[in-house]
1. Would you calculate, for the chain, the mean residue ellipticity at 222 nm contributed by helices, counting each DSSP H stretch of 4 or more residues as -39,500 (n - 2.57) and dividing by all residues, to the nearest 500?
2. Could you work out the Kirkwood radius for the stretch 164-317, taking every pair of different alpha carbons, averaging 1/r and inverting it, reported in Å?
3. For the chain, count all C-alpha to C-alpha pairs, find those more than 32 Å apart, and express that count as a whole percent of the total.
4. Treat each spin label as a single point 7 Å out from the Cα along the C-beta direction, and report the GLU142 to ASP328 distance in nm.
5. Can you list the HN-Hα couplings for the stretch 123-132, worked out from phi with the Karplus curve (6.51, -1.76, 1.60; θ = phi - 60°), rounded to whole Hz and with x for Gly and Pro?
6. In µm²/s, what is D for the stretch 280-330 at 10 °C and 1.306 mPa s, where D = kT/(6 pi eta Rh) by Stokes-Einstein and Rh is the Kirkwood radius from Cα pairs?
7. Give me the one-decimal Kirkwood hydrodynamic radius in Å for the stretch 98-224, with the sum taken over alpha-carbon pairs.
8. Sort MET124, MET117 by accessible area with a 1.4 Å probe, largest first.
Amino acid sequence: MFGWVCCTQKPILLQGHERSITQIKYNREGDLLFSVAKDTVTNVWYSVNGERLGTYNGHTGAVWCVDCDWDTKSVLTGSADNSCRLWDCETGKQLALLNTNSAVRTCGFDFSGNIIMFSTDKQMGYQCFLNFFDLRDSQQIEDNQPYQSIPCSEHKITSAVWGPLGEFVIAGHENGEINQFSAKSGEILKKAKEHTKQINDIQPAVDLTMFITASKDNTAKLFDSASLDHIKTFRTERPVNSAAISPIMDHVVMGGGQEAMEVTTTSTRIGKFEARFFHAAYEEEFGRVKGHFGPINCVAFHPDGKSYSSGGEDGYVRIHYFDAPYFDFELEA
C-alpha cells in the first residue's frame with residue numbers, strides 16, 4: 001500500500017525528561033526545539049544536533065503546554081500546578097507567574113508577542129476559562145487580571161492556537177467542537193463540529209491560513225482558519241494525539257496510539273506507534289516511521305520542512321531527518 005518514509009539516518013534521541021512528553025515546539029527559525037513533559041521540566045534543545053541548551057525550572061506539576069514568541073525572546077509554559085509562567089528564553093529567568101484556579105492546558109503568544117492566551121481546565125469545581133493578557137501592561141501581570149477572560153462552561157478547551165494576525169484564537173473542545181474566540185470582544189465568531197470526540201491537538205500551517213486537528217475519533221482534519229471550512233480528513237484505526245502540516249510539501253504527519261491508561265489493555269505489539277505520513281491533497285497514507293516504545297503524544301515539522309520531531313509516552317523526543325528521495329516523492333494519483 002505504501003512505502004516507508006525515507007528516514008534511514010539514525011534519529012537524534014533527546015533524553016531530558018523522566019516522564020511522558022506532553023508537547024514539543026520549534027521556534028520560528030527552527031534552531032531551537034522546546035519540550036515539556038509530565039515531570040515539571042521545560043527543556044530547550046539545539047535542533048541541529050540534539051544538544052540540550054538549558055532548562056526552565058519552577059513548575060511543580062506536569063507541564064502541559066509550551067510556546068515561544070516570534071523573535072525567540074520569551075517562552076510561555078502552562079502547568080498542572082495551576083500556573084502559567086513567562087520565561088526569558090536566553091537566561092531561563094522567570095519573568096512572570098500567573099496563578100490560576102485549575103491546571104493550564106494550552107498557551108500561546110500572538111503574532112506580535114505582546115498578547116498571550118491560555119486556557120484552564122474544568123476541575124475541582126472551577127470551570128474552564130480562556131484568558132488573555134497584554135504583556136505590555138505590567139499592571140495586568142501584577143494584579144493577575146486578564147483583560148479578557150472567557151468562560152467555557154459546557155465543554156472544556158483541550159487545544160488552542162492563535163489565528164492569523166492575532167485577531168482570534170481557534171480552540172478545540174473535549175466534545176470535538178471548534179470555536180473561534182475573538183481576542184478583542186471575547187465572543188464566539190465561528191463554530192465547527194466535524195469531529196465526534198475530543199480534539200487532542202491543533203497546529204497551524206506555516207502561513208496560518210489553515211490548521212490541522214488531531215482527534216480521539218481516529219481522524220485528523222484540515223480546516224480553513226478564517227472560515228472554519230472543513231477541507232480534508234485523514235483516517236486511521238486509533239486515536240490521533242497530534243498532527244502537523246509540512247511547511248514545504250503537501251504532507252501531514254500524525255502521531256497516536258492509545259492513551260496511556262489504555263496501553264496495557266490492548267495489543268502489546270511494539271511498532272503500532274509509528275508516525276504516519278499522509279498526502280494533504282489526496283488524503284492517502286504514503287509512509288510510516290517507527291521509533292517510540294509507546295504512543296506518540298506530539299509531532300512537529302521543522303520550519304524548513306527537512307526534518308520532523310516526535311515526543312512520546314516513553315519520555316523521549318526523536319528528531320528525524322528526511323533523506324533526499326523524500327523530497328522527490330510523488331504520489332501516483
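The values are calculated or read from the model by the stated rules, or taken from the named source; none is laboratory data. What you see is a predicted model; the values in this text were computed from it and never measured. Ideal geometry is used to build each Cβ from the backbone, glycine not excepted, and the neighbour counts take in all protein chains shown. What goes into the accessible areas is simple: the full protein's heavy atoms, side chains included, and nothing from ligands, DNA or RNA. Shrake-Rupley method; radii C 1.70, N 1.55, O 1.52, S 1.80 Å.
1. Helices in the chain give a 222 nm mean residue ellipticity of -500 deg cm²/dmol.
2. 15.7 Å
3. In whole percent, the share of Cα-Cα pairs in the chain beyond 32 Å is 22.
4. Using points 7 Å along Cα→Cβ, the separation is 6.3 nm.
5. Whole-Hz 3J(HN,Hα) from phi for the stretch 123-132: 7, 6, x, 9, 8, 6, 10, 10, 10, 10.
6. 129 µm²/s
7. Evaluated on the stretch 98-224, it is 14.7 Å.
8. Output order, biggest surface exposure first: MET124, MET117.
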